[in-house]
């Protein structure tokens, strides 16, 4: 076959942007843009008898005009190098938008006599939140229009959306720059007016008291760690709000929630491996919280409430968790009774309690399964799934007295569908399948295969392709991975991916160790001092795809974001020859510098995931794989790196520094691009249209990298 060029076609008459000490100059150079060159200002760190020299440490200076100029120069270079794909980007955008029913309506959710739902309108980027009182035939009330809230902002993200118990008030929060610092507002739904109770820079947690006159919320410290829960009485000055929980241990993050019964407020604190929960009767919001079980290192537990009992999902002598029950007035462990026992190969993921039933979600062999249990008799009834490869989630189920349970179901070829199961009879009804205009699922197929890792472990891989796939070693393939925090990479439906499949791509999703697909042990085998297993699993999956003649290294593109961006950085250092192109989105790549800086959000709380480099054993292991510290003078695949200027999770300077170091170090002429969203944070652009533009840009890079003419 004809080998695709290792470099994108030249862009005639493009401006070259060279960054030298903060000065951007424009020249014409061989009719192609010249990549920016970041200045070097060595910064030394002494640790464990070594001197680490970081030439690009200065890029952390967010307010420095030279930094902004450098990011803008990289953006201009990226724009120039991808100008020839503009038509492809437009075609991809149009295809992706064409698979969205722009004017649509969610399935209404009943709560205390109100029907809540969202709708979207063609041409509007954000959802409109509505309700009807009494019946679906009643007059619509627009509760909140996110399009109106977003006016005048380049970025807008709605966080909290919580009606008061009497449904007269609405608490909501919004972020207008991607920093994940939200402003809390209270809206009177009868008058449409905002109450004066405006509280800036809150986090995610929130709960109402039963009488709707008191709210509980979380705030961040300087490192953007949720560290305090405060109590606010409506109408009072927020400056006088009382702190009801203050977590001083920087490994822990606080949250506040409410049981489905509505009877208890829960104020929790958790690290990566330890939790502690305080509870309060929602009828007495001015009272003191009580601790349920004082923290014990390595012990996790999670609470819900039913009648006279708390239900406790815990890992005490149960790595994959078990379910216990204890009287509300006798919560010490000697009073706990086992309801669901621990099983080594089955992880108990969550339990949802209703008046007469509970719904149990477990994960076995990488897939979630659910069952309904009758509380009085213990009788069990599984909820059957229609496919062998799927993803299933609890949907909105706000009412404790409900006799039905809603869940969302999808597979790589089945759009998101909302089902309702009758808790008494087990009858299942499909309420809505998300419409995907122009999509024909009969053209595609999905399967789950296993790649053998170098230590003999079978690693699950989800494959999606058009039917009739030929294993000729020539198929362009996108391999996606994450593998951290015990997060599960479920086989979701992604309508955008069909723009790749229709161009001959295979989509492969690697459920590598470090994730939670095969239980707690799967996570443990890819964290801390075993983190490199995550990377070797991914490499072994890639080699499996080549060995099985699904693709070859000249047609293989890889993608990952955040901790998945760490994965990308590690594997391109270890096996750059194995991949044609890599997309690293908001990548966590500067492992040592970040984990040494305890002022950065997430650092201290993640010592139990990655290790603490102040510990020499941890340091030696972490620096052995840190992408930034292991850039070498070798040929790399084509690479697209993205960042968000306001990202609080992975600071923009990590991808910027990594790109600068790669430019100065790597050999060969592969393409290296950095694209920074100057108005957004970790999740990229807000609004469905801008998000599609970003996706189309990334897909155009992938398609162009493997040499497909469109």
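The values are calculated or read from the model by the stated rules, or taken from the named source; none is laboratory data. Since the model is a prediction, treat every value here as computed from it, not as a measurement. Neighbour counts run over all protein chains shown; Cβ positions are idealised from the backbone, glycine included.
Mind checking whether some residue in region 696-703 is touching a helix residue (DSSP H, G or I) at 6+ places or on another chain (Cβ under 9 Å) and farther than 19 Å from residue 93 by Cα? Looking through region 696-703, none of the residues is touching a helix residue (DSSP H, G or I) at 6+ places or on another chain (Cβ under 9 Å) and farther than 19 Å from residue 93 by Cα.
Residues are listed down the side, and each one gets a yes or a no for (1) closer than 19 Å to residue 273 by Cβ; (2) surrounded by fewer than 20 Cβ atoms within 10 Å (Cβ to Cβ):
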| position | (1), (2) |
| --- | --- |
| 590 | no, no |
| 598 | yes, yes |
| 611 | yes, no |
| 618 | yes, yes |
| 623 | no, yes |
| 637 | no, no |
| 645 | no, no |
| 650 | no, no |
| 658 | no, no |
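One residue is enough: does region 575-598 have a residue meeting the conditions free of Cβ contacts under 8 Å to residues at least 24 places away in the same chain and either more than 29 Å from residue 318 (Cβ to Cβ) or not in a helix (DSSP H, G or I) (or both)? Scanning region 575-598, I find at least one residue that is free of Cβ contacts under 8 Å to residues at least 24 places away in the same chain and either more than 29 Å from residue 318 (Cβ to Cβ) or not in a helix (DSSP H, G or I) (or both), so the answer is yes. For region 218-266, the set of residues classified as in a loop (DSSP other than H, G, I, E, B) and within 25 Å of residue 311 (Cβ to Cβ) consists of 247, 252, 259, 260, 261, 262, 263, listed by residue number. Please determine whether any residue of region 201-218 is under 19 Å from residue 175 (Cβ atoms), surrounded by fewer than 18 Cβ atoms within 10 Å (Cβ to Cβ) and in contact (Cβ under 8 Å) with a residue 40 or more places away in the chain. For region 201-218, residues under 19 Å from residue 175 (Cβ atoms), surrounded by fewer than 18 Cβ atoms within 10 Å (Cβ to Cβ) and in contact (Cβ under 8 Å) with a residue 40 or more places away in the chain: present. Determine whether residue 175 is at pLDDT 95 or above and either closer than 28 Å to residue 214 by Cβ or touching a strand residue (DSSP E or B) at 6+ places or on another chain (Cβ under 9 Å) (or both). So residue 175 fails the test. For region 198-208, the condition of being out of contact with any strand residue (DSSP E or B) (no Cβ under 7 Å at 6 or more places or on another chain), assigned to a loop (DSSP other than H, G, I, E, B) and outside the structural domain of residue 127 (by TED's automatic domain parsing) holds for none of the residues. Exactly one residue out of 463, 469, 479 is at pLDDT below 95 and either over 30 Å from residue 649 (Cα atoms) or not in a helix (DSSP H, G or I) (or both), and it is 469. Has region 238-245 got at least one residue that is surrounded by fewer than 20 Cβ atoms within 10 Å (Cβ to Cβ), under 25 Å from the mean Cα position of the chain (by Cα), modelled with pLDDT of 95 or more and not assigned by TED's automatic domain parsing to the domain that holds residue 400? No; the residues of region 238-245 include none that is surrounded by fewer than 20 Cβ atoms within 10 Å (Cβ to Cβ), under 25 Å from the mean Cα position of the chain (by Cα), modelled with pLDDT of 95 or more and not assigned by TED's automatic domain parsing to the domain that holds residue 400.
Conditions (1) crowded, with 21+ Cβ neighbours inside 10 Å; (2) under 24 Å from residue 703 (Cβ atoms), marked per residue:
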| residue | (1), (2) |
| --- | --- |
| 404 | no, no |
| 408 | no, no |
| 411 | yes, no |
| 440 | no, yes |
| 444 | no, yes |
| 466 | no, yes |
| 471 | no, yes |
| 481 | yes, yes |
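A quick yes/no check of all residues on (1) in the same structural domain as residue 525 (by TED's automatic domain parsing); (2) out of contact with any helix residue (DSSP H, G or I) (no Cβ under 9 Å at 6 or more places or on another chain):
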{"position": "423", "(1), (2)": "no, yes"}
{"position": "427", "(1), (2)": "no, yes"}
{"position": "450", "(1), (2)": "yes, no"}
{"position": "460", "(1), (2)": "yes, yes"}
{"position": "465", "(1), (2)": "yes, no"}
{"position": "468", "(1), (2)": "yes, yes"}
{"position": "472", "(1), (2)": "yes, yes"}
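I'd like to check something: does region 94-109 contain any residue that is closer than 30 Å to residue 653 by Cα and either in a loop (DSSP other than H, G, I, E, B) or at pLDDT 90 or above (or both)? Scanning region 94-109, I find no residue that is closer than 30 Å to residue 653 by Cα and either in a loop (DSSP other than H, G, I, E, B) or at pLDDT 90 or above (or both), so the answer is no.
Tallying residues that are within 21 Å of residue 691 (Cα to Cα) and touching a helix residue (DSSP H, G or I) at 6+ places or on another chain (Cβ under 7 Å) within region 480-494 yields 2. In region 368-383, the qualifying residues are those that are assigned to a loop (DSSP other than H, G, I, E, B) and without any contact (Cβ under 8 Å) to a residue 40 or more places away in the chain, and the one that is nearest to residue 354 (Cα to Cα) is 376. Here is the figure for region 56-96: residues that are surrounded by fewer than 18 Cβ atoms within 10 Å (Cβ to Cβ) and either within 26 Å of the chain's Cα centre (by Cα) or closer than 30 Å to residue 416 by Cβ (or both) total 4.
In the condition set (1) over 22 Å from the mean Cα position of the chain (by Cα); (2) surrounded by fewer than 23 Cβ atoms within 10 Å (Cβ to Cβ); (3) not in a loop (DSSP other than H, G, I, E, B), residue 542 is compliant with all but (2).
Residue 144: within 29 Å of residue 678 (Cα to Cα) and either touching a helix residue (DSSP H, G or I) at 6+ places or on another chain (Cβ under 9 Å) or free of Cβ contacts under 8 Å to residues at least 60 places away in the same chain (or both), yes or no? Considered against the rule, which asks whether it is within 29 Å of residue 678 (Cα to Cα) and either touching a helix residue (DSSP H, G or I) at 6+ places or on another chain (Cβ under 9 Å) or free of Cβ contacts under 8 Å to residues at least 60 places away in the same chain (or both), residue 144 comes out as yes.
If the condition is being within 29 Å of residue 456 (Cβ to Cβ), crowded, with 20+ Cβ neighbours inside 10 Å and either out of contact with any strand residue (DSSP E or B) (no Cβ under 8 Å at 6 or more places or on another chain) or not assigned by TED's automatic domain parsing to the domain that holds residue 625 (or both), then region 486-529 contributes 514, 515, 527. Checked against (1) more than 18 Å from residue 641 (Cα to Cα); (2) surrounded by fewer than 24 Cβ atoms within 10 Å (Cβ to Cβ); (3) under 25 Å from the mean Cα position of the chain (by Cα), residue 537 passes all but condition (2).
Every residue, every condition in (1) farther than 30 Å from residue 543 by Cα; (2) within 23 Å of the chain's Cα centre (by Cα), yes or no:
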residue: 397; (1), (2): yes, yes
residue: 401; (1), (2): yes, no
residue: 408; (1), (2): yes, yes
residue: 414; (1), (2): no, yes
residue: 428; (1), (2): yes, no
residue: 433; (1), (2): yes, no
residue: 451; (1), (2): no, no
residue: 461; (1), (2): no, yes
residue: 466; (1), (2): no, no
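Entry remark, region 273-283: residues being in a loop (DSSP other than H, G, I, E, B) and buried (at least 20 other Cβ atoms within 10 Å of the Cβ) number 1 in total. Of all residues in region 417-437, those satisfying the criterion of being assigned to a strand (DSSP E or B) and surrounded by 17 or more Cβ atoms within 10 Å (Cβ to Cβ) are 417, 418, 419, 420, 421.
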